[in-house]
Every structure is written in structure tokens, then in C-alpha cells.
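Single-structure report; data block below.
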Amino acid sequence: MPLELPDQIEKFKEFFEVNENYHNELLQQVRKGNAWVNLEFADLARHSPELADLMLDNPDDILKACQIAIEKMDLPRSSDEAPLRVEPRMFHLPPEQNMAIRIIRSKHLNRFIEIIGIVRQKSDVRPQMTSAKFECPSCGNIIPVLQLDQKFQEPTRCGCGRKGKFKLLSKELVDAQGITLEEAPEELEGGEQPKRLKLFLKNDLVAPFNDKRTNPGAKIRVVGSVKEVPIVLQTGGQSTRFDLILDVNSIEAVQEDFTEISISEEDEKAIHELSQDPDVLEKLVSSIAPSIYGHDSIKQALLLQMFGGVHKARDKGVKSRGDIHILLIGDPGSGKSQMLKRISNIAPKARFISGKGASGAGLTASVVKDEFLKGWALEAGALVLANKGIACIDELDKMTKEDTSAMHEALEQQTVTINKANIQATLRCETTVLAAANPKFGRFDPYEIISKQIELPPTLLNRFDLIFPVRDMPDKTKDEKLASFILSLHKEEGGQEGLIKPDLIKKYVAFARQRCFPKLTEPAMIEIRDYYVKMRGGGEGNETAIKAIPISARQLEALVRLSEASARMRLSEKVTKRDAQVAIELIHYCLHQIGMDPDTGKIDIDRITTGITASQRSHISVIKELIQEMEATVGKAIPIDDLIREASIKGIAEDTTSEVVEKLKRAGDIYSPKHGFVSRL
């Protein structure tokens, strides 16, 4: 025999009285003036299986019975105060109620279900009417009307026979918000497209403390009942098709970024033990991507990137980023994408993006039509969704210039500013970027300088702290080792496993980022300063020549970030001289690989940041001066042959002069009035 309403109320009263924890929590919530209480479904099922079954099949009535039971309980409240309507919030339904958005059907209507997904879109919080009271002007009768549809409902007639023109006495409003939830990408198979479902939140679920949980990009677990929403046709009538919406009962954040990962005492013990190991760096490096042979310096850099530097907020809101951005440029098949995939699996919060399948709006943010409040809403892109995590961007060179330019602000200022339609917004984007790209012609030319083969805008390259060329050059001994390594991987069933399990690495990184904020010590500062000054050279050589700038202040900041990451990896509160040396080795390796000027044999940062080396700049200024001088003797039109001859006297080769003349023509400094002649503009 099914439980009637009085029995349900009695059972709920019993449940709260028997379970001391819930009774105490209820008292506490009422004292604080909070209108909700959290309940575990398993506890309710243990107390009354019939009530639990009814909760799943008919949640609206059972939750109402629970509310009435709480109202009837002897709870502390002042006499003049109206009874507090306490909302029961149910958590952790049985496994069979956990379902993907794609399998929700009409049979699930008005039933309790639990879904996990990522918040894609979020409307503003606005008041919504739930019920209204009307007075009949003829007989004074008061008629309550529940407002369940989108359209405002008035009473059709009164008991006295009157029809229409009733006076509105009062209305009940609740705060409401609409959210669009999308299936998590890791739960999809093959070519499945992630499905979306609208969620309806009200009362305490839209309170400011809950608001942070439902920001776009957050992964949440939601319990609620499925409702149908009528679709109004353009003609004004109602469609035979209905839309689905989830009336949310409870929201729980699923552990996502490093700040939310819970670490047990057992984990903490294992983490501290690992940090005391003198070979912790080697062990972690070998465990990052055990299925990829070699590339130890790159693996070390990726490890430091996960730990990250310390974010610093200075006076008047000036911030300096702690995230380390890394770019891998290399030959096809050298394991770049594998490394990116591995990092996206290990890092506490990571997103994998592929160049050709990404647009500027998809990376940063886009403005879309808001169906809930009828206006424009902001939809966060991949870099914003990976806030406080890592964005792994593969095939960066396949993206168009317009799309990569959208990343500039996200990489350095760590914000995304949108000014579209009627939306002016700045989103936080504290995201670490790990990118991979191929050289200009698909593979490195061994006889050409590496930096000339990187076809990415210098402004974007400048924002990466470390740029690694990954070259695949034939080498007999190295090739033998690599072949043996790959073949042994295929021979073993389970594949190569690192010394440290990925789950422990994830917790280790999260623990370090939660607890450790290392500060620079004097020896570390001296080490970094000495390296910087030594690299700058301090004005050696010819005073008139344009000097190469081997290292800039941006690399100095990168040295600090890498040093802090190295200290964090040891769970240390101080950045030591050894940490500074680790950072210097990595920066020097990258500069030597990419920033070497072949004409002078010195490191020149301009080769990366502007694409023009100091020696080229020097040649440009010499030829510009020559053109100016020759104007006085030859006239406005200067023969190119004469210019080449004069330049060779100054020690500039013929092909270099021709190259510089072409560069000046493209820049619009000179033009060719007729064949074989140049003139200044």
C-alpha cells in the first residue's frame, strides 16, 4: 500500500529526529536564517526505502512533504517571524539514476535524475513569479493562481459568476537563473557531438556563494527533476513538441582545478616522502611521458610548467603572471602531440585544442543569443574554460593570423576582453598555454637557421617563455635506441609505466600549487642577475654599430617564474641558487637553439621577437644612409648597381644589399621609379 501524505510527513519527521546529525544541521541552518538543508539519499533510503522510491518517481510531492515536516518540527524562531520554508537538497542518487544528457527521454519526465556536465552558458539572475493572489471586485473572494507557464495566468472566472478584470493583490517572486549544461568531452565516444540541456535554478542555488560553482567552464554534478516546457509557435499557438528543462534541486562542484582537488592524509604523506627524495626531479621527468623516448629538457620544462610560478598582485591592481607558456616547434612524428595529450591527462585542469578546428571566438569568448532572458549572453571559449589550468594547443601554425591574434591578450594580460553587441566584458583567463607547431615547410631544413623557419607572428612568439625546436635528424646510435624503445613498447601489453603514477603526479602538483608560494632568496637573485648582466654584455665592441640584444626583461621574468616552479616542485618556500641554475639552463638552451645570429655567432633575442637580427638592422641603417648621401651627388633616382658598389666598399655583400633594398621597398621607405633605379619616398 503506497504511503499517503500524512504518513510521508510523519516519516520525514522521524528521519530528522532519529538522525542526530541532520537534526543538528537543521537547527544550525534555521539559526543562521538559511533556507536549505543538505540530505544524502543513501541515509534516507536506509531509514525508509518506500520514501526513497517515491522520491525518485515523484520528487515534487515528496520534497513538499519534507518541507511540511520541517515546518511542523519544533525549531527555534521568534514569535513574530513567519515559519522559514526550508528546502531539502538531495545529493548522490543511486547509480542507475546517473545518466548522460543524450539518453534523457519522455519516460524520465517528472523523475529525479543526476547528471554531470560542463557549464557553457549562464544567464543573469532575475525574479520570477511563482504564484499570485487575485480579488474578485464583485464578491471580494480571493483567488490564488499558481504561475507555472511562461505566460502570466489570471483567473478565468470567480465562484460568483464574474469573468475577467480581477484585481491583483499580491505576487510571490523567487530569484531564478538559466544555465546551459553540456556533456563533458571525456565521456563521449568517437564522433559524438556533446548534447546540451537547460537547467533552471532558483532560491539559494543562485545565491552569491553558489554563483562561483556555476561559472562557465565549471564541471558540476546536478540533481533535479526533468520537466517539459511548451514551445510557443510564431503564430502564437502551442507546438505539439516540447522542450526539456531540468528543475535543479542540488548542485555539487566536481573536482576540477588544482584548488579543488581534495588530498587525503595518506596522499599528503606520500607527497611529502616524494618531495624529500633527492632524485625527485629525475623521477618526475621520467614519469611525465614514459612512452616518448628522450627529450629530457623538454619534459623538465613541461613539469615546471605544471607547477608554475607565483602569481603576484601588486599595489593598485597591477598583476604579474606566474604561468609559464611553452612552444614546441618540430618535425612531424617527433612526439609533440603525444606530449601535449599526456600533459592534458596529467594536469589537474586541462583542455586539448587543435589548430584547424579552433577559431578566435572559440579560443577566447563569443556572444550568443540568450534564449532564457531574450538578449545576448556570453559563451566562454577554451582558454577561459581552462582558467587556472593548462590549455594544450596543437597545430598552432595551422591557425589563421586573425585567430592567433586573439590569443595575445590571453597570454600576457591573462584576461579576455569582449566588446560585441551590447556586451562589454572582461573575463579572467589565468591559463597556462602549451602549444605545438610545425616549421614553415612542414620539416626543418638542416642548412637553414631555425628561427627563419618558424612562421608565427613575432608578437605571439615573444609571449612564450620557452621555445623548443624538436628536430628529427638521422643519427645511427640514437636511431637504434629509439627503434628498440618503440619496438619494446609494442611488445609489452601494458605499455610503459612511469615510476610515479599519473594520479599521484596530479595530486603532487595540486598540493604544491595550493600550499607553496616560494620567495626569491639573495643567492638566487644574484645568480639570475649575474646571468642577465653577462648575457647583455654591458656595451662591449664598436660603439657605433647596432648591438645585438641577447636577452630582454621578458626573459628575466621567465627566469624568475621557472625558478619559483623549481622550488615549488621540492615543496620549498625559498627559491635557492640551484633552482635559479635549473631555470638558467633551460632558458640558455632555448636561446642557443633559436636565438643564435649566424653572422656574429652571438645570441640575439630580436631574431625571435622581431624577425630581424641586429646585424640586419645595422645593414638597413647603413644602406638608408648611403641612399641619402647618394641623393646629393647622383640625384633623386639612384642606380641600384651604384648602390651595390658603394655598399660593398662598406663591407656589405651584394645579395645582402639586394635583400635590404627589397625589405625597404616592402616597408614603403623607397620605391622604384624605373627598372634598375630606386628613390626615397
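Checked against the criteria, Ser287 counts as part of a helix (DSSP H, G or I), out of contact with any strand residue (DSSP E or B) (no Cβ under 9 Å at 6 or more places or on another chain) and of a type outside the set (A, V, I, L, M).
Say we look at segment 36-54 and pick out the residues that are surrounded by fewer than 18 Cβ atoms within 10 Å (Cβ to Cβ) and out of contact with any helix residue (DSSP H, G or I) (no Cβ under 6 Å at 6 or more places or on another chain); which of these is farthest from Pro94 (Cα to Cα)? Going through the qualifying residues, I end up with Asn38. Working carefully through the options Leu466, Leu461, find the one that is within 24 Å of Ala583 (Cα to Cα), in contact with a strand residue (DSSP E or B) (Cβ under 7 Å, 6 or more places away or on another chain) and at pLDDT below 80. The match here is Leu461. For segment 362-441, the strands (runs of 3 or more DSSP E) that sit wholly inside it and include 3 or more residues that are without any contact (Cβ under 8 Å) to a residue 40 or more places away in the chain are 415-420. Of all residues in segment 96-115, those that are farther than 16 Å from Leu56 by Cβ and outside the structural domain of Ala184 (by TED's automatic domain parsing) have Cβ atoms under 7 Å from Cβ atoms of residues that are acidic (Asp, Glu) and surrounded by fewer than 16 Cβ atoms within 10 Å (Cβ to Cβ), 6 or more apart or on another chain, in Ala100/Glu187. Per the listing Phe200, Phe134, the residue uniquely over 23 Å from Glu228 (Cβ atoms) and modelled with pLDDT of 80 or more is Phe134.
Does Ile644 fit the bill of being modelled with pLDDT under 80 and surrounded by 15 or more Cβ atoms within 10 Å (Cβ to Cβ)? It is false that Ile644 is modelled with pLDDT under 80 and surrounded by 15 or more Cβ atoms within 10 Å (Cβ to Cβ). Scanning for something assigned by TED's automatic domain parsing to the domain that holds Lys227, in contact with a Gly (Cβ under 8 Å, 6 or more places away or on another chain), in contact (Cβ under 8 Å) with a residue 12 or more places away in the chain and among the hydrophobic types (A, V, I, L, M, F, W, C), does segment 119-131 turn up at least one residue? Yes, segment 119-131 contains at least one residue that is assigned by TED's automatic domain parsing to the domain that holds Lys227, in contact with a Gly (Cβ under 8 Å, 6 or more places away or on another chain), in contact (Cβ under 8 Å) with a residue 12 or more places away in the chain and among the hydrophobic types (A, V, I, L, M, F, W, C). The strands (runs of 3 or more DSSP E) found wholly in segment 105-185 and carrying at least 1 residues that are in contact with a strand residue (DSSP E or B) (Cβ under 8 Å, 6 or more places away or on another chain) and of a type in the set (Lys, Arg) occupy 112-122, 126-135, 167-182. Is one or more of the residues making up segment 655-662 part of a helix (DSSP H, G or I), surrounded by fewer than 12 Cβ atoms within 10 Å (Cβ to Cβ) and modelled with pLDDT under 80? Yes, segment 655-662 has at least one match.
Here is a check on your reading of the model: is Lys64 part of a helix (DSSP H, G or I), exposed (fewer than 14 other Cβ atoms within 10 Å of the Cβ) and modelled with pLDDT under 85? So Lys64 does not fit the description; no. Among residues of segment 430-447 being of a type outside the set (Gly, Ala, Ser) and modelled with pLDDT under 80, the one that is surrounded by the fewest Cβ atoms within 10 Å (Cβ to Cβ) is Tyr447. The residues of segment 551-577 that are in contact with a Cys (Cβ under 8 Å, 6 or more places away or on another chain) and in a helix (DSSP H, G or I), listed by number, are Ala567, Arg568.
The residues on offer are Ile292, Ile298, and the sole one that is more than 21 Å from the chain's Cα centre (by Cα), modelled with pLDDT under 75 and of a type in the set (A, V, I, L, M, F, W, C) is Ile292.
The values are calculated or read from the model by the stated rules, or taken from the named source; none is laboratory data. Values in this document were obtained by computation on a predicted structure and should not be read as measured data. In this analysis, Cβ positions are derived from the backbone assuming ideal geometry, glycine residues included, and neighbour counts consider all displayed protein chains.
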